[in-house]
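What follows is a set of notes on a single structure, which appears directly below.
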């Protein structure tokens, strides 16, 4: 006897449709799972066997072959347990599932038949909708997550016996097995069994205010108007930013308030970000909506390269993927391992991470705004000596400290500026607030959305090649100024392009179609650490 149901697994952060084929044939009782399963799937045999018996069914005493197709794709995880169990029960004619619905089955089985939640349900349900499925049967604990996808029916169960009418279950034999008569009598009931399952009600998406009541505000930061201006530019064009200054200048305070001026996620971005958190098992079940506030990740400097970019035996998203469409904050940048920092170079260009394994290649999105801070030297007071605070580092110590950050990595940071101790802050009565800064960001963001409405990107920082030359048009004087700067500072072509992108964002903040000399001049001043051959030690 042959039967086929559909399950799904994760491949990176995307769902992959898997056909769960079941064949019962004569021979010695044994069960084989084929189709490149991992150890968690191979162990499903014992979980499914115990769950079937403990729920009053009979495990087939025949030769059982379970194939997971396509056979050349590596399968991982425990999300196939429910599909395998129901495949065995339907093939052995112990239950009959509705034939009028095309259903995807997701869930892990406990030994008593209860259904446990799995990670990545959002991606799997989204896949089911795109593949034309009518419904998804999954664990009750994953229902809140699954209902975020509209226009598909969601059935949530807590136990395998939820698919068995209570009266029929009670009529089982003393051994706890269903008789042939009970099976035949329950067929008509089982056809409509989904009608008795709890369906997750869809909660409409609510518009989330980015300036939540508990979010830190820039009005708390006195002075630092130059740094606030740079942060507005970074938020308006999604440009990477680096703040350098002595301890207590407010670098961390400034960057931690950056989420308060970022525009909310679009619907497409919300789905992308929520998929990443779902695949990583970090989506909060209590949340009734997709994520609308851009993520802010601040890993400790002891993090490993695998923790930052993702990896492991079964690859999981790293910090840069969890910061997708949001901010990755690296405080005290030179304290991070040199190897860890260097792995950022490729994701900063490609906006994705590729993790290769012997049997598969996984890709995770990593389009984030890199925000970093550092001291000018190990003690923190190089170049800012006062009568109370003096640098105690030797020139060699300063060189070693700064050499932890490579020139190629600095080249990928659009805004590099120095933050000094604020002066005359006691006389300041009002400080520029997040609301004021966010108005400027949203105005520039609206211009970009309109300009790139027919293109596959929507931020100035994503411009490259012909698109950069087309949309970042310089006036004659501005082009001459940029050429002179290139020769004087020995900037790389990457730095040239990044200055162009930065100038485009500054022009948008001034609602200017063309890039003027003043816009280029402001963009150049933010390349504080650029020197010939990317050497910023001669400051």
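Data overview
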| item | result |
| --- | --- |
| Any chance residue 79 is within 27 Å of the chain's Cα centre (by Cα), in a loop (DSSP other than H, G, I, E, B) and touching a residue at least 60 places away in the same chain (Cβ under 8 Å) | yes |
| Only listed residue being in contact with a strand residue (DSSP E or B) (Cβ under 7 Å, 6 or more places away or on another chain), in a helix (DSSP H, G or I) and closer than 19 Å to residue 234 by Cβ, chosen from 507, 478 | 507 |
| Residues (out of contact with any strand residue (DSSP E or B) (no Cβ under 8 Å at 6 or more places or on another chain) and free of Cβ contacts under 8 Å to residues at least 40 places away in the same chain) located in region 54-69 | 59, 61 |
| Qualifying residues in region 311-328 (those that are on the phi < 0 side of the Ramachandran plot and over 15 Å from the mean Cα position of the chain (by Cα)) - the one surrounded by the fewest Cβ atoms within 10 Å (Cβ to Cβ) | 313 |
| Residue selected from region 338-362 under the condition buried (at least 17 other Cβ atoms within 10 Å of the Cβ) and touching a strand residue (DSSP E or B) at 6+ places or on another chain (Cβ under 6 Å), by the criterion farthest from residue 303 (Cα to Cα) | 362 |
| Every pair of residues 6+ apart whose Cβ atoms lie under 7 Å, when the first sits in region 438-457 and is assigned to a loop (DSSP other than H, G, I, E, B) while the second is surrounded by 14 or more Cβ atoms within 10 Å (Cβ to Cβ) | 452/458 |
| First in region 462-486 and on the phi < 0 side of the Ramachandran plot, second anywhere and at pLDDT below 95 and surrounded by fewer than 13 Cβ atoms within 10 Å (Cβ to Cβ), Cβ under 7 Å, 6 or more apart | 473/514; 475/514 |
| Given (1) out of contact with any helix residue (DSSP H, G or I) (no Cβ under 6 Å at 6 or more places or on another chain); (2) free of Cβ contacts under 8 Å to residues at least 40 places away in the same chain, number of the condition residue 522 does not satisfy | (1) |
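The values are calculated or read from the model by the stated rules, or taken from the named source; none is laboratory data. All figures in this text were calculated on a predicted structure; none of them were measured in a lab. We place every Cβ from the backbone using ideal geometry, glycine too, and count neighbours over all the protein chains shown.
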